[in-house]
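The values are calculated or read from the model by the stated rules, or taken from the named source; none is laboratory data. Keep in mind the model is a prediction, meaning the values are calculated, not measured. Here the Cβ positions follow ideal geometry from the backbone for every residue, glycine too, while neighbour counts run over all protein chains shown. Side chains are part of the model used for accessible areas, which takes the heavy atoms of the whole protein and leaves out ligands, DNA and RNA. Shrake-Rupley method; radii C 1.70, N 1.55, O 1.52, S 1.80 Å.
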Amino acid sequence: MDITIHQTFLPHDDPEASLAFYRDILGFEVRNDVGYGGMRWITVGPAGRSGAAIVLHPPAADPGITDDERRLIAEMMAKGTYASIILATADLDGAFERLQAAGAEVVQEPVEQPYGVRDCAFRDPAGNMVRIQEVR
């Protein structure tokens, strides 16, 4: 079986702030930007490369979500415990320095983890945990 990852979803509560983070700070390209009903879905991915992408979506867009669930999602996003993604780079220190210099919220500086990876962590504007692992 030949299965690949095509898209993953991360919530956003401010599309312009999310664009500034993923496009302007991380250097991802915008592959799609769709508005509907006052909401916005933005698909981003590594510039110049096809393959896996991140869809930044409004968390309350699912009509099956109750008002209580919307409030809980908003609370979890504000705490940074709702969603996360792990990215990879060959230059972890360089990536960390660029994100820190751009004002991204640092959660963890680059460190060798006891489980065998070297990584760092940031929060995006919606509170999502963005971990970046070093590819050796």
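Here the range 33-78 has 57 percent of its accessible surface on carbon and sulfur atoms, given a 1.4 Å probe and all protein chains in place. Computed from Cα positions, the angle between helix 67-79 and the longest principal axis of the chain comes to roughly 20 degrees.
Note on the range 10-44 and the range 57-136: Cα centroid distance 15 Å, given to the nearest whole angstrom. Rg ratio for the range 78-136: its Cα radius of gyration over 2.2 N^0.38 Å, N being its residue count, equals 1.07.
Rolling a 1.4 Å probe over the heavy atoms of the protein chains gives the range 1-124 an accessible area of 60 Å² per residue. Rg/Rh for the range 1-49 (Cα atoms only, Rh after Kirkwood) is 1.02. Computed over every Cα-Cα pair of the range 25-110 and binned at 10 Å starting from 0, the pair-distance distribution P(r) comes out as 13, 35, 37, 14, 1 percent.
Which whole-number percent gives the relative contact order of the chain, counting Cα pairs below 8 Å spaced six or more residues apart? Walk me through the numbers before you get to the answer.
Details: 233 pairs, mean separation 32.5, N = 136.
Relative contact order of the chain: 24 percent.
Extension gain for Val107-Asp13 works out to 31.9 nm (0.36 nm per residue, less the C-alpha to C-alpha distance).
Projecting each Cα onto the charge dipole of the range 35-105 (Lys/Arg +1, Asp/Glu -1 at the beta carbon, about the Cα centre), which of Ala52, Tyr82, Leu92 comes out farthest on the positive side? The one lying farthest along the dipole's positive direction is Ala52. Using alpha carbons only, how many degrees (0 to 90, rounded to 10) separate the axis of helix 92-101 from the longest principal axis of the chain? Between the helix axis and the principal axis of the chain, the angle is about 50 degrees.
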